[in-house]
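Below is one structure, written out as structure tokens; comments come after it.
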Amino acid sequence: MKGNYIIIIIILLIQFKVLEGTTIKLKEKITENPLSSITGIIPAGRKGSIMEYYNNELIIIGGEGTTFYNQIYKFNLNSPSYDEVTTTGTDEFKSVYHGIYGTAIYTYGGDTGSVYLDTAFKYDIILTNWQSLGNPTNPIDGRAYGDAVVYNNKLIIFGGKTDSTVINNINLLNLDTNAWTTSVEQLGQAKEGLSTTLYNNTIAVVFGGKDGGTLYDTVSYYDCITQTIEVQTTYGIKPEARRNHAAVQHLECMYIFSGSGGQFYKTIHRLNCETKVWRVISDKLLSNINLGAVAIGGSKAYIYGGQDDTNTNLDSMYIIDLSATECKEGYGGINCTLPICNAIYANESTVCYGHGTCIAPETCQCETGYLESHYCRYWQAGTSCSETVIGNPMTVGGTSIGEKMHPNIGMYGSILYILSGNNNANTYTSDIWKYDVLQNTYEQMALTGITPASSYTVVFEGKMYIYGGAQPGPVSGLYEFNMIDVTMNLITAVNT
């Protein structure tokens with residue numbers, strides 16, 4: 001057998017320290033230790049606030065608790081202490097789009113409980129006053145529950161929802177001219193409750209969100225320069241699909257905190273935006289935080305408020321140190337105890353290609369007959385094959401796939417996809433199946449293909465590209481089958 005190997009060796013460099021309340025260290029059990037030294041009036045518990053970091057202070061605005069708020073609080077990280085800022089000029093709101101530009105926080109939209117706002121404001125951090133940006137050029141509908149990044153002089157807002165619909169749009173507000181423009185490309189899927197962070201100063205990393213009953217776990221990179229967006233193929237231990245989580249960017253990594261999906265989550269995930277590998281950093285947050293406010297200052301992430309799974313509005317402040325001590329090289333996981341083999345944790349089912357145990361960094365102990373020098377991927381030449389009856393098909397679990405000739409076949413991870421084909425009666429089918437190599441099972445997919453049989457097929461970055469074939473007559477279409485999200489598209493080529 002032949003194969004190409006791409007080996008990514010991940011060294012986890014993170015230990016978390018959470019003050020809130022709480023200290024989280026990867027090598028310790030969590031203990032509650034409420035901070036008694038905080039002075040000032042602690043804001044009432046709330047969700048949907050916005051928070052920005054400036055000059056070692058956290059500025060917290062708005063939110064919803066027993067009512068909707070328009071108050072502004074400063075949390076001094078040196079003291080630590082809260083101080084309410086006296087100012088007027090905005091509605092009570094939650095879940096607004098926001099970003100910091102110069103010495104001001106810019107906001108757009110928000111939910112007042114009765115209407116979705118379509119106004120933009122500037123809060124001057126130094127002068128502590130609000131200023132309406134007035135009537136913009138090319139105004140857009142009021143909205144909330146999306147997210148935003150600031151790139152150069154533009155507030156770029158992603159998704160959210162209006163009074164009546166979830167939004168697919170990406171819009172840009174020029175903060176110098178107060179003019180709206182529409183992005184060259186849109187999200188691709190309508191989403192609210194998503195997160196965005198800014199990577200490498202030019203790439204907005206978009207994660208999660210929900211549209212109706214559909215939750216998403218996809219990651220997209222939005223190029224702020226070209227205004228184009230592309231779904232990314234990611235690896236490792238991915239977060240469950242969710243919305244209303246908190247997210248920050250630190251160096252090349254995006255961190256995802258808590259959120260809700262099929263349940264409320266206490267986890268912290270990290271995505272390395274260069275290698276596109278996910279890791280679980282901690283599952284030790286004391287509260288499920290839904291609609292919490294988040295900010296980053298230096299190497300620390302701050303999470304305030306939110307709502308837990310008992311519908312309690314929280315007033316806690318987490319301070320999470322992202323700088324941290326290193327895991328020993330070749331180890332990772334929540335307690336830095338799991339060895340890594342071929343960029344896969346020892347407790348994952350696909351480690352050592354499912355044919356062995358990762359007993360030390362880059363060391364697989366293989367089942368009899370498999371080569372340890374190749375992470376147990378290959379059967380060793382000369383090893384007895386007496387248990388295998390050549391010429392007879394093996395027994396496969398799941399629904400029977402039946403007879404097929406000339407199907408289109410592609411492999412992604414440990415899953416083999418089998419598309420279309422024709423049977424002995426020369427009847428052409430449009431069914432799509434997956435065969436799980438590790439579980440030895442077939443499963444028919446709900447999606448049906450429209451691809452021909454006897455085609456030319458290549459696989460690239462998790463996608464099958466299928467050209468030509470018979471259906472039953474000759475066809476010339478080019479199809480793309482995405483093996484990651486299991487979708488089929490007919491590609492319209494542009495002649496040049």
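The values are calculated or read from the model by the stated rules, or taken from the named source; none is laboratory data. Here the structure is a predicted model, which means the values were calculated and not measured. All Cβ positions, glycine included, derive from the backbone under ideal geometry; neighbour counts span all protein chains shown. The accessibility values were calculated without ligands, DNA or RNA, using every heavy atom of the protein model including side chains. Shrake-Rupley method; radii C 1.70, N 1.55, O 1.52, S 1.80 Å.
First compute the accessible area of the range 43-192 with a 1.4 Å probe, then give the percent of it belonging to carbon and sulfur atoms. Looking at the range 43-192 in its full context, I get 41 percent from C and S. The aspartates and glutamates whose alpha-carbon is closer than 20 Å to the alpha-carbon of Lys463, local same-chain residues fewer than 8 away aside, are Asp217, Glu230, Asp431, Asp436, Glu443, Glu480, Asp485. For the range 78-141, taking Cα atoms only, Rg and Dmax work out to 13.2, 45 Å respectively.
Would you please calculate the Kirkwood hydrodynamic radius of the range 105-257 over all C-alpha pairs and express it in Å, rounded to one decimal?
The answer is 16.0 Å.
Taking 7 Å steps out from each Cα toward its Cβ at Thr310 and Gln189 produces label points 3.4 nm apart. Pairs from the table (Lys276/Lys404; Lys154/Lys210; Lys276/Lys300; Lys94/Lys300; Lys74/Lys161) lying more than 31 angstrom apart at Cα are Lys276/Lys404.
Our coupling estimate for the range 214-226, obtained by passing each phi through the Karplus curve with A = 6.51, B = -1.76, C = 1.60 and θ = phi - 60°, is 9, 9, 10, 10, 7, 10, 10, 9, 9, 7, 5, 7, 8 Hz, Gly and Pro reported as x. Taken one residue at a time, the phi angles of the range 239-251 give Karplus couplings (6.51, -1.76, 1.60, θ = phi - 60°) of x, 5, 4, 7, 9, 6, 7, 9, 8, 9, 10, 10, 6 Hz. Gly and Pro are set to x. For the range 196-303, the equivalent ellipsoid derived from the alpha-carbon gyration tensor has semi-axes of 21, 17, 13 Å in decreasing order. Per-residue packing, averaged as other Cβ atoms within 10 Å, sorts the ranges 191-202, 228-239 into the order 191-202, 228-239, beginning with the highest.
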